[in-house]
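Student: The structure is given below, and queries will be raised subsequently.
Coordinate-derived values only; no laboratory data. Computed from a prediction, not measured in an experiment: that's the story for all the values here. So basically every Cβ, Gly included, is an ideal-geometry build from the backbone, and we count neighbours across all protein chains shown.
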């Protein structure tokens, strides 16, 4: 299957690795910086591969290469624009998080991909973590009974050097703050595990230590789910001196689970009213990861390839990407207005919040 990568920045190494692990035919890479393409390819010994063409314009790539699958790993603010171009060209696409920066763009990606018969996967790769998959199986089996509440804590560090690597980071148009960039994977997991259907969100965001950015460095929220459960969200890049944890808790009548590690890759607590041999294996489960992005990209790519071949929905589809974006934008809107926000959310974009903090 012909594959192209659009965007060769920080996360692109995971995309190339996933493509190689899934034996995709890498036909092209694209970046506005030629040196970024060369550095990425050299990392995997592909710099002399004449079958991998280089492009600085993704539109030229799509026209010349006509790949079956492309992944988008550019700055967040142009994800939707590129995705819609791919869809119009009949190219199936994996979109790095966030899928878009506005509800209008997210809805259009869903609408147009359905109209064109193109597969779209939102790159929420942590859904494929071993610990997360075990939790999902327990949820689907009804092992928690009635869900009381759950929470996600993303307690990480991002210093000035991180933001100086790329001027788009921490801007409303191209990135958003810690919730949109660092916390969105955890928000996706919380919403997915607790039933997806959200009634109301109340949020608070602040800029405490990153006054050289436009956006927040801490955000907290309370979420009312339609099934009666309550969720809480904490996301920050203010933890000294380095990333501390990404933890997901779920509490029910007959079960309590805590996923921990730096990216919900471990099972710290696994307690159910009725337990068997398989449960003992889950207690203390740890999945080794080389970075906070985890190992899920390879599995997400494998699922997308199978979805294309079998003409089915991807496991993490465009609706999932829309739902995660909606949660973040709802927190931003609530924080800006000081009032709870009802879902579904319409017509809200990250740029609506320009001028709230910093420069």
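Student: Hey, got the Cα dimensions of region 88-241 along the principal axes, in Å, largest first?
Tutor: Cα extents, longest axis first: 46, 44, 30 Å.
Student: Find, to one decimal place in angstroms, the Kirkwood hydrodynamic radius of the chain, where the mean of 1/r is taken over every pair of different Cα atoms and then inverted. Before the final figure, lay out the partial values.
Tutor: Working: mean 1/r = 0.0482 Å⁻¹.
Hydrodynamic radius (Kirkwood, Cα only) of the chain equals 20.7 Å.
Student: Still on this model: Assuming a viscosity of 1.002 mPa s and a temperature of 20 °C, what translational diffusion coefficient in µm² per second does Stokes-Einstein assign to region 251-359, Rh being the Kirkwood radius over Cα pairs?
Tutor: On the way: Rh = 18.0 Å.
Translational D for this selection: 119 µm²/s.
Student: Find how much the distance from residue 245 to residue 199 grows on full extension, using 0.36 nm per residue of separation minus their present alpha carbon separation; answer in nm with one decimal. Don't jump to the answer; show the numbers that get you there.
Tutor: Working: separation 46, 0.36 × 46 = 16.56 nm, distance 2.79 nm.
Stretched fully, the residue 245-residue 199 segment lengthens by 13.8 nm.
Student: Against the longest alpha carbon principal axis of the chain, how many degrees, from 0 to 90 and to the nearest 10, is the axis of helix 34-43 turned?
Tutor: 70
Student: Once you put a point 7 Å from the Cα of residue 206 and another 7 Å from the Cα of residue 312, both along the Cβ direction, what distance in nm separates them?
Tutor: Computed distance between label sites residue 206 and residue 312 equals 4.7 nm.
Student: Would you calculate the volume per residue, in Å³, of the smallest convex hull containing every Cα atom of region 224-267? All intermediate terms of the calculation are to be shown ahead of the outcome.
Tutor: Values: hull volume 3.8 nm³, N = 44.
Measuring per residue, one finds 85 Å³ for the Cα hull of region 224-267.
Student: In addition: Could I have the simple spin-label model distance between residue 60 and residue 21, label points 7 Å from Cα toward Cβ, reported in nm to one decimal?
Tutor: Label-label distance for residue 60 and residue 21, simple model: 3.2 nm.
Student: Let me ask something additional. So, in nm, how far is label residue 111 from label residue 271 when the simple model puts each one 7 Å beyond its Cα toward the Cβ?
Tutor: Going from the residue 111 label point to the residue 271 one covers 4.9 nm.
Student: When a/c reaches 1.5 or more, the comparison of a/b and b/c decides; with that in mind, is region 179-265 rounded, prolate or oblate per its Cα gyration tensor? It would help to have the intermediate numbers written out before the result.
Tutor: Details: a/c = 2.65, a/b = 1.48, b/c = 1.79.
Verdict is oblate for region 179-265.
Student: Over region 112-196, consider all pairs of different Cα atoms and compute the Kirkwood hydrodynamic radius from their mean reciprocal separation; express it in Å, one decimal.
Tutor: Values: mean 1/r = 0.0638 Å⁻¹.
It is 15.7 Å.
Student: Quick one: the Cα spread of region 20-169 along its three principal axes, in angstroms, biggest first?
Tutor: Principal-axis extents of the Cα atoms in region 20-169, largest first: 56, 43, 33 Å.
Student: Now for a separate question. Relative contact order for the chain: what is it in percent, counting Cα pairs under 8 Å that are at least 6 residues apart? Present the calculation step by step, with values, prior to reporting the outcome.
Tutor: Details: 805 pairs, mean separation 73.6, N = 359.
It comes to 21 percent, rounded to a whole number.
Student: Could you state the orientation-averaged shadow area of the convex hull built on the Cα atoms of region 5-92, in nm² to one decimal? Display every interim value, and only then the final one.
Tutor: Values: hull surface 20.4 nm².
The number I arrive at for region 5-92 is 5.1 nm².
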